[in-house]
Amino acid sequence: MARILFISLMPSKYSGASEEVFIRMARLARQRGHEVLFSVPFLDEAHPYLESLRTEGVGIHFRFPETPRAKWKRIPQKIFRSLRGHGTIPHDWFLFLKAVQEFRPDLIFVNEGMVFQSAFHKDVWFILEKSSQPVCIFNHGHDDMKIYPTEVAHWLKENYLSRIRRMYFLSRANLEAAELQMAQSMPNAVVVRNMCKLFHESPLPFPAFPLKMATISRFDARVKGHHLLLKALSEPAIKRWPWHLSIYGYGPDEALIRAWIEFLGLQEKVRICGEAQDIRKVFQEHHVFLLPSLMEGLPQSVLEASLLGRPSLVTPVGESPFLVQDGVTGFVAPGIGVPALRMALQRLMQTPPETLEKMGLAAAEHVQKFIDPEPWVTLLDDLLTLVPGKETLE
């Protein structure tokens, strides 16, 4: 049996669609009898999924940020680290390294929100450099527009790419964008299909009008584009139509999103609803799903909306323009700015209800080919082929 270190870059208080496969992989590995250590940065509180993993025998390691200490407390710690040969590294890095060395992993699997992200998490990259075990990366999204300075791109090619044994992408578009940014192919990259909890669900009946739209995502406008959507909706040509928008989610930008709604005069048309606890209930009441993202991988939210028979309006990032067939299963904006969103919204609002309903039914059929019912099984089996002499199944 193998000893697998799972390193998440997502803080302990959050759990979203991008973490679901990673969490299920850790759980499955433990159920098969493998030893598992799950490391996550601690922020304010621990999400219930971590306690659930702990009760199933998964070791939980919290990475606490370095806090200022009085000089008289720092000196003994530096002496101890010096005796271990790590006198110059921060104390939290030392504790992380100590936990990894005690666990003795056969394989390290890192969950990245964005491609190359772990290279810029200094504590995580320190561990990857210090460890000799195979390292695999699970990527969920990418900033296709980002251009790295020449020296950074060179460092990533010479260090990051050479250290990673296998890179998993949820989107071929993300892989191609990353290769272009590096001006180098990634022969160790594998594109995998995403999961969807609603894989076996059937389309819901279409509700009566007026038009009700929903967006479901983490409140991180830099990635999800809430500000651009709200600005487009506030344009007079859009605002005069009879519609309502429900914004579901949670995250650091909630107060800012509320401020944007008030600033743009959308209080009568837009409401914030908190976390979407029941996706079926959301789409029993809403006609269309909106995802105005600035960067994406293969968004599970579009899969869920489509399987429940709802067309989506998306921006052309990541795999979104493949998940949504423009004019057939939804609407693909011609770009990622306010003018592009405005054009797509105008098309949406001019579409008759019966046509939107047909789009939703077509969407449910179209997205089936993008879904792996159990990607955590597919990924774990592939991972364990990198550990010589270890069994993939009990």
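The values are calculated or read from the model by the stated rules, or taken from the named source; none is laboratory data. For clarity, every value in this text was computed on a predicted model and none was experimentally measured. A quick note on method: Cβ atoms are made from the backbone with ideal geometry, for glycine too, and the neighbour counts reach across all protein chains shown. These area figures cover heavy atoms from the full protein model, side chains too; ligands, DNA and RNA do not enter into them. Shrake-Rupley method; radii C 1.70, N 1.55, O 1.52, S 1.80 Å.
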Completion exercise
Of the residues in segment 269-310 that are under 26 Å from residue 239 (Cβ atoms) and of a type in the set (Lys, Arg), the one that is least open to solvent (accessible area, probe 1.4 Å) is 310
Handout entry: Answer from 14, 49 - the residue that is under 21 Å from the mean Cα position of the chain (by Cα), open to solvent by less than 30 Å² (accessible area, probe 1.4 Å) and modelled with pLDDT under 90
Key = 14
Handout entry: Those residues of segment 19-32 which are open to solvent by 30 Å² or more (accessible area, probe 1.4 Å) and either farther than 24 Å from residue 194 by Cα or in contact with an Asp or Glu (Cβ under 9 Å, 6 or more places away or on another chain) (or both), in sequence order
Key = 24, 27, 30, 31
Practice task
Determine the pairs where a residue that is in contact (Cβ under 8 Å) with a residue 60 or more places away in the chain, located within segment 329-353, has a partner that is acidic (Asp, Glu) and loosely packed, with under 14 Cβ neighbours inside 10 Å with Cβ atoms under 8 Å apart, the partner being 6 or more residues away or on another chain.
Solution key: none
Exercise for the section: Go through segment 222-249 and count every residue that is touching a His at 6+ places or on another chain (Cβ under 9 Å) and farther than 18 Å from residue 212 by Cα. Expected result: 0
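Condition test on residue 108, is it at negative phi, at pLDDT 95 or above and of a type outside the set (Asp, Glu)?
Values: at negative phi: yes; at pLDDT 95 or above: yes; of a type outside the set (Asp, Glu): yes.
Answer is yes for this residue.
One line per residue, one yes/no per condition, for (1) of a type in the set (Phe, Trp, Tyr); (2) part of a helix (DSSP H, G or I); (3) within 20 Å of residue 134 (Cα to Cα):
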position: 6; (1), (2), (3): yes, no, yes
position: 11; (1), (2), (3): no, no, no
position: 15; (1), (2), (3): no, no, no
position: 24; (1), (2), (3): no, yes, no
position: 30; (1), (2), (3): no, yes, yes
position: 37; (1), (2), (3): no, no, yes
position: 40; (1), (2), (3): no, no, yes
Practice task
May I ask you to say which residue of 165, 218 is of a type outside the set (A, V, I, L, M, F, W, C), closer than 30 Å to residue 380 by Cβ and touching a Gly at 6+ places or on another chain (Cβ under 9 Å)?
Solution key: 218
Exercise for the section: Exactly one condition in (1) open to solvent by 10 Å² or more (accessible area, probe 1.4 Å); (2) in contact (Cβ under 8 Å) with a residue 12 or more places away in the chain; (3) of a type outside the set (A, V, I, L, M) is not met by residue 360; state its number. Expected result: (1)
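Test residue 267 against the criterion of being assigned to a loop (DSSP other than H, G, I, E, B), in contact with a helix residue (DSSP H, G or I) (Cβ under 9 Å, 6 or more places away or on another chain) and among the polar types (S, T, N, Q), and give yes or no.
Values: assigned to a loop (DSSP other than H, G, I, E, B): yes; in contact with a helix residue (DSSP H, G or I) (Cβ under 9 Å, 6 or more places away or on another chain): yes; among the polar types (S, T, N, Q): yes.
Here the answer is yes, as residue 267 does meet what is asked.
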